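The values are calculated or read from the model by the stated rules, or taken from the named source; none is laboratory data. From a predicted model like this one, the values you see are computed outputs, not experimental measurements. Using ideal geometry, Cβ is built from the backbone for each residue, glycine included, and neighbour counts are taken over all protein chains shown. Accessible surface is based on the protein model in full, side chains and every heavy atom, while ligands, DNA and RNA are left aside. Shrake-Rupley method; radii C 1.70, N 1.55, O 1.52, S 1.80 Å.
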Amino acid sequence: MPTVKHDAFFRRHPVFTGEELAEHLSSGDGTGPGARTRESLVAYHTRTGHLVRVRRGLFAVIPHGSDSEDYPIDPFLVASKLTPDAVLSHHTALEFHGRAYSVWRHLTYLASRPLEPLTFRHHVYRGARFPEALVRAGKEQFGVSTAERSGMSLRVTSLERTLVDVLDRPHVSGGWEEIWRSLETVEFFDLDRVVEYVLLLGKATAASKVGYYLEEHRESLMVEEGHLKALRSRRPRQPHYVDRKKRGNASLVATWNLVVPTEVVERSWAEVT
């Protein structure tokens, strides 16, 4: 089973699924090698150290001459292939865009049917479902862009959608210091798109969180009153916690009906930099 026959496919697909391999092997008329032949091919290249199995039906390529145990496998590509509709999101999207304050070994992706958490090569991959409001509206791909990585296409949330997502779900985004420091590296957001996404989500607390963040950065992000007004009209009627999982020391920001952790209000992390 000569390796060279499939080298072009492996070069173009540093991480690939069994379905992609089957398509490569197909003759083009709907026929091609059976499952046993594909399994034999994968087994051969795995045995020779040219492939490693990430999980069932997902494989990564090891270049010739490299150590299959030590060769780095791109975690972004792995995350993007875990489900057919996977979208890099939250802190992982910040990392992909080069805007994360810290590099994580936990990766998050959105999908209609995410898999159980996966640990591979010291990275942990966790999926989250697309927000129900987007699913109902058929707009799961709102604010999702296609990017290229090692010659392969993957999907990732835009900075505008990521801004909202990390504020909406801080517990999967690194906590407030990480979120604040990461977002503050972004010099520009399309604020019309930010507001549009918040309204599409239909979450009162998310509207307040985003409104609070934008108001705190009004000058640097050139936030207009119209943006704040649109978000303020969707704020909760009663005070809501910014993070219901952490209800320690906090202050009420009345304009947003938002109970904000003291560490965020005072930017306590800045005192130790």
Tell me, yes or no, whether segment 196-218 has at least one residue that is aromatic (Phe, Trp, Tyr) and under 20 Å from the mean Cα position of the chain (by Cα).
yes
Among the candidates Val54, Val103, which residue alone is surrounded by fewer than 18 Cβ atoms within 10 Å (Cβ to Cβ), touching a helix residue (DSSP H, G or I) at 6+ places or on another chain (Cβ under 8 Å) and outside any helix (DSSP H, G or I)?
Val103
Looking only at segment 79-128, count every residue that is modelled with pLDDT under 95 and among the β-branched types (Val, Ile, Thr) and tell me the total.
1
Taking the options Thr157, Thr146, Thr162, name whichever one is of a type in the set (Ser, Thr, Tyr), more than 17 Å from Glu95 (Cβ to Cβ) and modelled with pLDDT of 95 or more.
Thr146
Please determine whether any residue of segment 251-273 is open to solvent by 80 Å² or more (accessible area, probe 1.4 Å) and touching a helix residue (DSSP H, G or I) at 6+ places or on another chain (Cβ under 8 Å).
no
Going through segment 54-80 one residue at a time, which ones are in contact with a Ser or Thr (Cβ under 9 Å, 6 or more places away or on another chain) and among the hydrophobic types (A, V, I, L, M, F, W, C)?
Leu58, Phe59, Ile62, Phe76, Leu77, Ala79
Conditions (1) out of contact with any Ser or Thr (no Cβ under 7 Å at 6 or more places or on another chain); (2) at pLDDT below 95 -> Asn249 fails only (1)
All-but-one check, Ala128 against (1) part of a strand (DSSP E or B); (2) within 17 Å of Leu77 (Cβ to Cβ), failing number (2)
Picked from segment 106-131 (must be among the hydroxyl-bearing types (Ser, Thr, Tyr) and out of contact with any Gly (no Cβ under 8 Å at 6 or more places or on another chain)), the residue surrounded by the most Cβ atoms within 10 Å (Cβ to Cβ) is Tyr125
Consider only pairs whose beta carbons are under 9 Å apart and that are at least six residues apart or on different chains; among these, list those whose first residue lies in segment 55-75 and is of a type in the set (Lys, Arg) and whose second residue is open to solvent by 20 Å² or more (accessible area, probe 1.4 Å).
Arg55/Leu115; Arg55/Leu118; Arg55/Phe120; Arg56/Gly18
Residue tally, condition closer than 17 Å to Arg169 by Cα, open to solvent by 60 Å² or more (accessible area, probe 1.4 Å) and touching a strand residue (DSSP E or B) at 6+ places or on another chain (Cβ under 9 Å), over segment 241-250
3
Please determine, by comparing only the residues of segment 60-78 that are open to solvent by less than 10 Å² (accessible area, probe 1.4 Å) and not small (Gly, Ala, Ser), which one is farthest from the chain's Cα centre (by Cα).
Ile62
Of the residues that sit in segment 7-38 and are modelled with pLDDT of 80 or more and β-branched (Val, Ile, Thr), which one is farthest from the chain's Cα centre (by Cα)?
Thr17
Of the listed residues (Ala147, Ala128, Ala133, Ala137), the one being of a type in the set (Gly, Ala, Ser) and closer than 25 Å to Val61 by Cα is Ala147
Filter segment 79-100 for residues that are touching a His at 6+ places or on another chain (Cβ under 8 Å) and either surrounded by fewer than 23 Cβ atoms within 10 Å (Cβ to Cβ) or assigned to a loop (DSSP other than H, G, I, E, B) (or both) and give the result.
Ala100
